[in-house]
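The values are calculated or read from the model by the stated rules, or taken from the named source; none is laboratory data. Being a predicted model, the structure only gives us computed values, none of them experimental. Using ideal geometry, Cβ is built from the backbone for each residue, glycine included, and neighbour counts are taken over all protein chains shown. Side chains included, ligands, DNA and RNA excluded: accessible areas come from the protein's heavy atoms. Shrake-Rupley method; radii C 1.70, N 1.55, O 1.52, S 1.80 Å.
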Amino acid sequence: QVQLVESGGGTVQAGDSLRLSCAASGRTFSNYNMGWFRQAPGKEREFVAGISWRRDTYYADAVKGRFTISRDNAKSMVYLQMNGLKPEDTAVYYCALGIRLGNINTDNAYWGQGTQVTVSS
């Protein structure tokens, strides 16, 4: 059974940094693409960043240059380093395993429960 557990969310001020973590279990982690998505109140879930099993990285335009995704296959962990946070980054952030990158597709993905990130101005 796949389990994804996010951590690291919180409330910060604009310009601050946070590092989100996602612990995965139940699959051979190194074989899968991983991603971070977010959902703000009243909005649809959107792609934030992805990392392939080969460590190719992909970012939404809104976070390029500010966020960095990384993975540690030995620990079955994926991270999202978020710098220069803005109020518009406020959302619940979700980790996903098994996404398709390039043309993002989450049809067969597994999801974590999410972690709240709130950025005050």
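Before moving on, here are some points about what is shown:
- Residue of ARG71, ARG27, ARG38 that the Gaussian network model of the chain assigns the largest fluctuation, springs spanning Cα pairs under 10 Å: ARG27
- The residues packed around SER21, meaning those with a beta-carbon under 14 Å from its beta-carbon, carry a net charge of +1 if Lys and Arg are +1 and Asp and Glu are -1.
- For LYS86, the lysines whose Cα comes closer than 23 Å to its Cα, not counting residues fewer than 8 places off in the same chain, are LYS43, LYS64.
- Electrostatic tally near ASP89: other residues with Cβ closer than 11 Å to its Cβ, Lys and Arg +1, Asp and Glu -1, net +1.
- Per residue value of the accessible surface for the chain (all protein chains in place, 1.4 Å probe), Å²: 53 Å²
- For the stretch 55-121, Kirkwood radius (reciprocal of mean inverse C-alpha pair distance, Å): 13.4 Å
- Diffusion coefficient (Stokes-Einstein, Kirkwood radius over C-alpha pairs, 20 °C, 1.002 mPa s) for the chain: 152 µm²/s, rounded to a whole number.
- Reported to the nearest whole Å, the Cα centre-to-centre distance from the stretch 97-121 to the stretch 26-82 is 7.
- Of the accessible area of the chain, computed with a 1.4 Å probe over protein heavy atoms only, carbon and sulfur atoms account for 42 percent.
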